[in-house]
Amino acid sequence: MTHHFYHSPVRVVSSSLFDTASEALYARIKKIKRKDVECQAFFRKVIKNPIFQVLMISTITSNAAFMVLGTDYSIMYRLFRLFEVSEIIFVSIYTCEFLMKVYVEPIKYWRDGYNLLDVVVILIILIPYSLRKIKGKHYKFLHIADGIQSLRILKLISYSKASGIPALQTLITAVGQTVYTVASVLTLLFVLMYIFAILGFCLFGMPENGDLNNWGNLAAAFFTLFSLATVDGWTDLQEQLDQRKFTVSRAFTILFILLASFIFLNMFVGVMIMHTEDSIKKFQRELMVERHMTLMEEKQMILRRQQEAVNRLMNTQESGGKSFTELVEEFKKTLRHTDPMVLDEFGTSLPFIDVYLSTLDNQDTTINKLQELYYEIANVLCLMLEDLPPREKSSHSSEFMI
């Protein structure tokens, strides 16, 4: 991937040392044998159960719906008790899910980015309760802590496969892979804006006749350049400069829009598209491998069933005295056209059958042409025989008789 080129050597070494240390620690902890294997297997089965996943998806969506209703103060006032009880239920379910997953995989849990996202969401949930206990109910920043509770819906990302939208994680992965490349593009854009901000401040921010609202200081110049980069209201900004009769303002505006909007922002979009395509291709490959593994498991299961059926036939033959042919005929009568059948031979594959049928068609065409040729040869020989004199014709006929 392209973002590997932006790693510094120190960072690579540090990350490799961290990975080596974490792998060694994980291998050492993995040697410890747990005594609650059956309980661990039970909770693992519960977590992977589709009913549990549907329950979590329903809980997250219900929590999001309650938060939407909570934005209406009249509904919040009338259903205050219901909102309190539902909040306790939602927090309890999230906490139980977290404890169950940590119990099943106490080390592997922390190596998954989506699990870390769930932990961040749980910490965000605990912020308002902690502030109310420490600072009181009238703390001035308490509304900010209540506002960031909307991040709870991010828990839906970890259940995107169960909810029928597995491509959501693919897009999140693509966004994560573009961090280093996008950071480089944004750094170049910041450098460009820094240069033009200083230049714009010096050209259009004079105290005598300058545009002090848009170019009077560096912060205002940065905000104005951001509007120009997004091509949002740039005509109004240019009209204000034209009213003050700045001769180089149009060249300044056009040059910055060409560099910032048409080059850097399009470069940003191109990087996003490139990494998204790579992530989608990777997701498709993983999906094909998963389907292949599923087919192989089904194939092995069908083969085991067929082997068990053959073993039962053999046992029945030994005990009942019937021949194997009779048992097979009786077994054929029980088969239906919907029963699966595993075909391992090359001669039974669809590509071979297509090639074989086309070969037969070519052979039929060749035989038809040979028959036509034989008919033409026989017709020519008959005509030649009719044109011969009677004596030669009788001699030839006698030769044919011999």
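The values are calculated or read from the model by the stated rules, or taken from the named source; none is laboratory data. In this text, all values refer to a predicted model and were calculated from it rather than measured experimentally. Cβ: placed from backbone, ideal geometry, glycine included. Neighbour counts: every protein chain shown.
Return yes or no: is LEU131 of a type in the set (A, V, I, L, M, F, W, C), more than 22 Å from ARG34 (Cβ to Cβ), in a helix (DSSP H, G or I) and under 25 Å from the mean Cα position of the chain (by Cα)?
Working: of a type in the set (A, V, I, L, M, F, W, C): yes; more than 22 Å from ARG34 (Cβ to Cβ): yes; in a helix (DSSP H, G or I): yes; under 25 Å from the mean Cα position of the chain (by Cα): no.
No: the conditions fail for LEU131.
Whether any residue in segment 288-300 is without any contact (Cβ under 8 Å) to a residue 12 or more places away in the chain, assigned to a helix (DSSP H, G or I) and surrounded by 15 or more Cβ atoms within 10 Å (Cβ to Cβ) is what I want to check. No, every residue in segment 288-300 fails to be without any contact (Cβ under 8 Å) to a residue 12 or more places away in the chain, assigned to a helix (DSSP H, G or I) and surrounded by 15 or more Cβ atoms within 10 Å (Cβ to Cβ). In the set (1) surrounded by 11 or more Cβ atoms within 10 Å (Cβ to Cβ); (2) closer than 18 Å to LYS155 by Cβ, ILE51 fails one condition alone, (1). If you go through segment 149-184 and pick out every residue that is farther than 19 Å from GLN53 by Cα, modelled with pLDDT under 80 and in a helix (DSSP H, G or I), you end up with 12. Annotation: ILE75 fulfils all but one of (1) crowded, with 16+ Cβ neighbours inside 10 Å; (2) farther than 19 Å from LYS155 by Cβ; the unmet one is (1). Of all the residues in segment 70-84, those that are of a type outside the set (A, V, I, L, M) and not in a helix (DSSP H, G or I) number 3.
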